[in-house]
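Colleague: Next up is a structure, given as structure tokens.
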């Protein structure tokens, strides 16, 4: 068990180190981009670019929220939280989705008011600087999406994946800003405001997806069928297991909890049956690194071993023999 604890502690340390690295890169990138877009939006008369700058500025705060959530989720179990703190990462993702939605809503309301005002003659044509800023933003945010997504998958972090999609929503919003700026420069100034409204739609969709994923992890959602089938096969690979009466899984943050009831030879002693349960437990833990807790319950099968107690030593030696 000490080896398992060492592996777990090393994994948690790696998890935190990767999260800190990605968060630092994200904060630096978003701060620089928001300043560039704000400057371009103001001096090039583009409301879409100013909206995009506000969106990027909100990302700095959202990344800090993600970082805090991951830090809290990595805390060791304690007396008040014996199952750990993984769900705090889900809380961070939910807060991020709410922040993302209201950021987009503010952009959408402002754009909608400009569109319905009908006074398009007062809208100024965006300058070339706004066009350049939009192109730079698209390239930078799409690059950050793939960078963050890579590490989110590597450490299996829901909050980090939410932040990756936040980058992708920024890229979409910058595309909308680019289309609006180009349209406005072609003689349709209202296109700049329409672009801001389209940006809101993309942001709202990203916020909804993040919220749904986090909520699934908060309400003890079961694993996907492929993972459950793999766990089932892992248990049945032990030839002393004669059947599985129950297999339940639940996702707890980015970890998995497993409850399994197995059938073993009804003639085994308590010590022998317990030995089988330990082997099953350890096999699952070694095979599935995301599994944090396993409860193995033993049920007696209505089959007796034909060997005498002196002849049968398979449990003590952990030799995989099925008794029929």
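Colleague: So if each residue of separation counts as 0.36 nm, and I subtract the Cα-Cα distance between residue 290 and residue 218, what length gain in nm does that give?
Modeller: 24.3 nm
Colleague: While we're on this one: Once you sort the root eigenvalues of the Cα gyration tensor of the range 165-208 as a ≥ b ≥ c, which label holds: rounded (a/c under 1.5), prolate (a/b larger than b/c) or oblate (the other case)?
Modeller: The shape class here is oblate.
Colleague: Across the Cα atoms of the range 154-295, what radius of gyration and what greatest pairwise Cα-Cα distance (Dmax) are found, in Å?
Modeller: In order Rg, Dmax, the Cα atoms of the range 154-295 give 24.7, 87 Å.
Colleague: Using Cβ contacts closer than 10 Å as the measure, can you line up 261, 278, 29 from fewest to most?
Modeller: If I rank by nearby Cβ atoms, fewest first, I get 278, 261, 29.
Colleague: Starting with the fewest neighbours, write out 37, 154 ranked by other beta-carbon atoms found within 10 Å of each beta-carbon.
Modeller: With the fewest neighbours first, 37, 154 line up as 154, 37.
Colleague: Given the alpha-carbon gyration tensor of the range 185-251, what are the semi-axes of its equivalent ellipsoid in whole angstrom, ordered largest first, with each equal to the square root of 5 times an eigenvalue?
Modeller: Semi-axes, largest first: 51, 12, 5 Å.
Colleague: Please arrange 257, 145 by counting, for each residue, the other beta carbons lying within 10 Å of its beta carbon, fewest first.
Modeller: The most exposed by this proxy come first: 257, 145.
Since every read-out is calculated from the coordinates, none of them should be taken as a lab result. This is a predicted model, so every value here is computed, not measured. Neighbour counts run over all protein chains shown; Cβ positions are idealised from the backbone, glycine included.
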